[in-house]
Amino acid sequence: MRPQAVLFDCDGVLADSEMLVNAIVAEQLTALGWPMQAAEARETFLGLALPDMVPRIEARVGSLPPGWAQEIAMLLAIEMTRRTPAIPGAVEAVHRIVAAGVPVAVASNSGRAELMAKMRGLGLATVFGDRIFSFEDVDRPKPWPDIYLAAAASCDAAPQDCVVVEDSVPGVRAGMAAGCRVLGFAHETPRGVLAAHGATPFLAMDELDALLGI
Ligand SMILES: [Mg+2]
């Protein structure tokens, strides 16, 4: 069934940035007295926006220095400007969907500066245009549905006519809560876990065309 719009998560779906981001987060937390490797940062924070990470971090290390969140957001944006690795086949899949005449949007729990850096790094900033949504553009980050509702509205589509492409549990929950059909890219999270939260799992970006009916 062909959707009215396809709403993409960014990290782990378009940008293969999770390990890079997790390495930076792990480094910062280790410096604060919570020794951590990138893999543990991934397990602890996958799919969470910075505001939802802060209380978890403070529960462990105590109050964060003033401006810590802003500083790490800036660090991540700088790193993504330098280099944004793409998920294999993801950029090509977006181009095929657009060529098929289906509107696309991005909805991400990243900060706006970091997200825009990734879009430019992937060469997708002009493809998505003004349909790029950061957690800073809505009241509540994923797993709340706000960001997917905003993305669907930007495509003039009802949420139930949209397909969300996600890779994390908070992201799948956000897409389901918005009333969208959710495809779960089983890259960082096992397919069974994504399916348990309501997503249809898939393993490679070249499967998207068939799943979307384009
Ligand atoms: Mg993700």
Please work out the Cα center distance from region 175-198 to region 48-69, rounded to the nearest Å.
-> 27 Å
Out of Ala152, Ala125, Ala39, a Gaussian network model of the chain with alpha-carbon springs under 10 Å gives the largest mean-square fluctuation to Ala39
Cβ crowding within 10 Å averaged over residues, with 130-137, 175-182 ranked highest first = 175-182, 130-137
Which order, highest average first, do 141-150, 185-194 follow once you tally other Cβ atoms within 10 Å for each residue and take the mean per peptide?
-> 141-150, 185-194
Taking every pair of alpha-carbon atoms in region 147-214, give the share separated by more than 14 Å as a whole percent.
-> 53 percent
Of all trypsin sites (Lys or Arg not before Pro) in region 1-108, the ones in DSSP coil with at most 13 other Cβ atoms within 10 Å are Arg83
For the chain, find the longest principal axis of its Cα atoms and tell me its angle to the long axis of helix 68-82, 0 to 90°, nearest 10.
-> 50 degrees
Hey, in the GNM for the chain with a 10 angstrom Cα cutoff, which one of Pro35, Pro159, Pro51 fluctuates hardest?
-> Pro35
Pick out which of Asp16, Asp156, Asp139 has the largest mean-square fluctuation in a Gaussian network model of the chain, springs linking Cα atoms closer than 10 Å.
-> Asp139
Radius of gyration and maximum dimension Dmax of region 18-82, Cα, Å | 11.0, 32
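Which value, in nm² and rounded to one decimal, describes the direction-averaged projected area of the C-alpha convex hull of the chain? Before the final figure, lay out each step's value.
On the way: hull surface 42.6 nm².
For the chain, averaging the hull's shadow over all directions gives 10.7 nm².
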Using alpha-carbon coordinates, inclination of helix 112-122 to the longest axis of the chain, degrees | 60 degrees
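The numbers here are math on the coordinates, done by the rules we state, and not lab data. The model shown is predicted, which means the values in this text are computed figures rather than measured ones. Quick reminder, even Gly has a Cβ in these numbers, built from the backbone with ideal geometry, and neighbours come from all protein chains shown.
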